[in-house]
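Before any comments, here is the structure.
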Amino acid sequence: MPVDDGAGQRSGERTWTVADAMTWTVDYLSRKGIESPRRSAEWLLSVATGLSRIELYAHHDRPLTPGERAAFRQGIERRAAGEPLQYVTGEMPFRHLVLQVRPGVFIPRPETEVLVDAVLQYLDRCGVGEPVVVDLCTGSGAVAVSTAYERAGARVHATEIVPATAEVARLNAERAGVADRVVVGVGDLFAPLPDELRGRVDVVVSNPPYIPTADLAGLPAEVASREPRIALDGGADGLDTVRRIVDEARAWLRPGGLLAMETDTERAKDAAELMSSWYEGVVVGRDLTGRDRIVIGTRREA
């Protein structure tokens, strides 16, 4: 098709239908060793044509326009080269939103939706009308924007150390219609927060870097070579940033305020142990696959 028909020939003069493009691309990406080639083909074709994934099959005999072929061709070339699908399309579905992502921004994972669930459940229990939520290491803003979107009273302060990434979080807040309640500050962890929030924050939440430095090389190539190292590298034991958050959050949370962090199976119990000295009701929560994923606890009254 648009890239290489297998014989090194261009076939741009041919009329390609949606079905033709789908079949060719699945085969091509399979030969390139791309994981889930049909998912990639559907997503790329949906972006190029403006059709939903269901409409792709309902209108399988619809011819592609020259502009659609060109856009689709470009997407196939980037995906075949190993670029993450989310960077190619510029989008990542997350809970009730479709977030903007771009190279250099950590791609939100479905597992992180469980972290948002923990925050929302706490907000519903605590009964605060306009709760103050702080989201550290916000990245694309997935947690911050979803929290504000799903709880209309929440006021969210998100922090991000990389200025360009912080700008993406702001764009996602605008796209979701919550920019008036999501403030994105640039800086390291709590540094961008206004001092008047000390001791008044209802929730501190974070999906921090938690991969041990030595394990980064063993990550899938798409992750290790394409996604930002700063969002992955958690230091020698994967807990460098987790330790800082556990310690520093005490000054910002009100008594009874929630600290919720994402970790992974190998580090969840260690993170819970770190929290147990200063927080109560510390529990390890599991993701939808049954793996230890989040650690939550509330700041002691005294």
FRET efficiency for Thr17 and Arg226 from the Cβ-Cβ distance with R0 = 51 Å, rounded to 0.05, comes out at 0.95
Could you sort 166-173, 251-258 so that the peptide with the highest average Cβ count within 10 Å comes first and the rest follow in order? 166-173, 251-258
With r defined as the distance between the Cβ atoms of Ser52 and Val128 and R0 fixed at 41 Å, what FRET efficiency is calculated, to the nearest 0.05? 0.60
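Please state, to two decimals, what the Cα-based radius of gyration of segment 18-82 comes to when divided by 2.2 N^0.38 Å (N = residues). Intermediate results must be reported in sequence, preceding the final value.
Values: Rg = 10.7 Å, N = 65, 2.2 N^0.38 = 10.7 Å.
My calculation over the Cα atoms of segment 18-82 gives 1.00.
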Take segment 58-163, drop everything but the C-alpha atoms, weight them equally and run the Debye formula without solvent; then report log10 I(q)/I(0) at 0.12 Å⁻¹ to two decimals. -0.55
Among Glu227, Glu262, Glu280, which comes first, then next, by fewest other beta-carbon atoms within 10 Å? Glu280, Glu227, Glu262
Sorted by Cβ density within 10 Å, fewest first, the residues Ser30, Ser140: Ser30, Ser140
Taking the Cα atoms of segment 146-241 alone, what are Rg (to one decimal) and Dmax (as a whole number) in Å? 15.4, 43
Given a Förster radius of 35 Å and the C-beta distance between Ala164 and Glu301 as r, what FRET efficiency does 1/(1 + (r/R0)^6) yield to the nearest 0.05? 0.30
What are the semi-axes of the equivalent ellipsoid for segment 1-141, taken as the square roots of 5 times the Cα gyration tensor eigenvalues, largest first, in whole Å? 38, 16, 12
Taking segment 94-299 as the region of interest, what is the percent of Cα-Cα pairs per 10 angstrom bin, listed from the shortest bin to the one with the maximum distance? 9, 38, 40, 12, 1
CD proxy at 222 nm, helix term only [per DSSP H run n ≥ 4: -39500 (n - 2.57); per residue of the chain; nearest 500]: -11000 deg cm²/dmol
Antiparallel bridges, percent of DSSP beta bridges restricted to the chain (to nearest 5): 45
Sticking to Cα atoms, compute the Rg of segment 50-102 to one decimal and its Dmax as the biggest Cα-Cα distance, whole number, in Å. 12.8, 34
What is the order of His157, His59, fewest Cβ neighbours within 10 Å to most? His59, His157
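Where a number appears in this text, it was derived from the coordinates with a stated rule and is not lab data. Treat the numbers as computed from the prediction; the structure is a model and nothing was measured. Here the Cβ is made from the backbone with ideal geometry for all residues, glycine too, and neighbour counts use every protein chain on show.
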